[in-house]
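Visitor: Below are the structure tokens for one structure; questions will follow.
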Amino acid sequence: MSNHYYSKTPEVKHNRQVHSAELRGYSMKFVTDAGVFSKTGIDYGSRVLIDAMELKEDDRILDVGCGYGPIGLTAAMIAKGGHVTMIDINERAVELSKENAKQNGITNITALQSDLYEAVNNKTFNVILTNPPIRAGKATVHRVFEEGYALLESGGTMWVVIQKKQGAPSAMEKLTQLFGEVEEVTKDKGYRILKAIKF
């Protein structure tokens, strides 16, 4: 049975729920389901990232491992003149992202099923946001950083939320190798928000 949230096709029985959330001053509703990340409501790490991320009106944004969409859809509300591409390996999560975009009246998004970056390898972005799939293992998380770096335009930023106990120090080290300079923007209850700029 492939029932972890980074399965392509979760086989766990559906258990749809609706959660309301206030994110960056926007009242939003999210449908969640079994077999996707944080199905009981928006996880604390995503909230910390949503509160910290700095976006411009016209940014072209990539949300990596979008789940049912809280980070990417909030980003789309902030960058109203831009566009958010949301990717996840989990087809159930991608369908929920599309549904949640529709029910919140958000049109400047594209949600794609993608094993890491395979669906967007021919595109570039000026912001990448990620709450990486820690349980998929360190090698996968480091690929999120490495392959994401290649898709960022010069001057682009990568925003990462990661818990100290789940590998924040090694994530910081890896991002520093790639980007040269990484800022810890904030920390909250063990979650670190890392911001790396591509020069």
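The values are calculated or read from the model by the stated rules, or taken from the named source; none is laboratory data. Just so you know, these numbers come straight off a predicted model, no measurement behind them. Counting neighbours? That spans all protein chains shown, and the Cβs are built from the backbone with ideal geometry, glycine included.
Visitor: Among residues belonging to the range 136-180 that are within 18 Å of Ala52 (Cα to Cα) and not aliphatic (A, V, I, L, M), point out the one that is surrounded by the fewest Cβ atoms within 10 Å (Cβ to Cβ).
Guide: Only one residue fits best here, namely Lys164.
Visitor: In addition: Considering only residues of the range 151-199 that are polar (S, T, N, Q) and modelled with pLDDT of 95 or more, which is farthest from Lys123 (Cα to Cα)?
Guide: Filtering first and then ranking leaves Thr186.
Visitor: Something else: Which residues, taken from the range 87-140, are under 24 Å from Gln177 (Cα atoms), in contact with a strand residue (DSSP E or B) (Cβ under 8 Å, 6 or more places away or on another chain) and part of a helix (DSSP H, G or I)?
Guide: Hits for the range 87-140 are Val120, Ile134.
Visitor: Restricting attention to the range 162-199, which residues are touching a strand residue (DSSP E or B) at 6+ places or on another chain (Cβ under 8 Å), of a type in the set (S, T, N, Q) and free of Cβ contacts under 8 Å to residues at least 40 places away in the same chain?
Guide: Matches in the range 162-199: Thr176 only.
Visitor: How many residues are in a loop (DSSP other than H, G, I, E, B) and of a type in the set (A, V, I, L, M, F, W, C) when one looks only at the range 74-86?
Guide: Qualifying residue count, the range 74-86: 1.
Visitor: Can you tell which of Val64, Val48, Val84, Val120 is in contact with a Gly (Cβ under 7 Å, 6 or more places away or on another chain) and either in contact (Cβ under 8 Å) with a residue 40 or more places away in the chain or under 14 Å from Val161 (Cβ atoms) (or both)?
Guide: Val64
Visitor: Could you grab me the full set of residues in the range 71-98 that are basic (Lys, Arg) and either within 17 Å of Pro132 (Cα to Cα) or under 15 Å from the mean Cα position of the chain (by Cα) (or both)?
Guide: If the condition is that a residue be basic (Lys, Arg) and either within 17 Å of Pro132 (Cα to Cα) or under 15 Å from the mean Cα position of the chain (by Cα) (or both), then Lys98 is the only one that fits.
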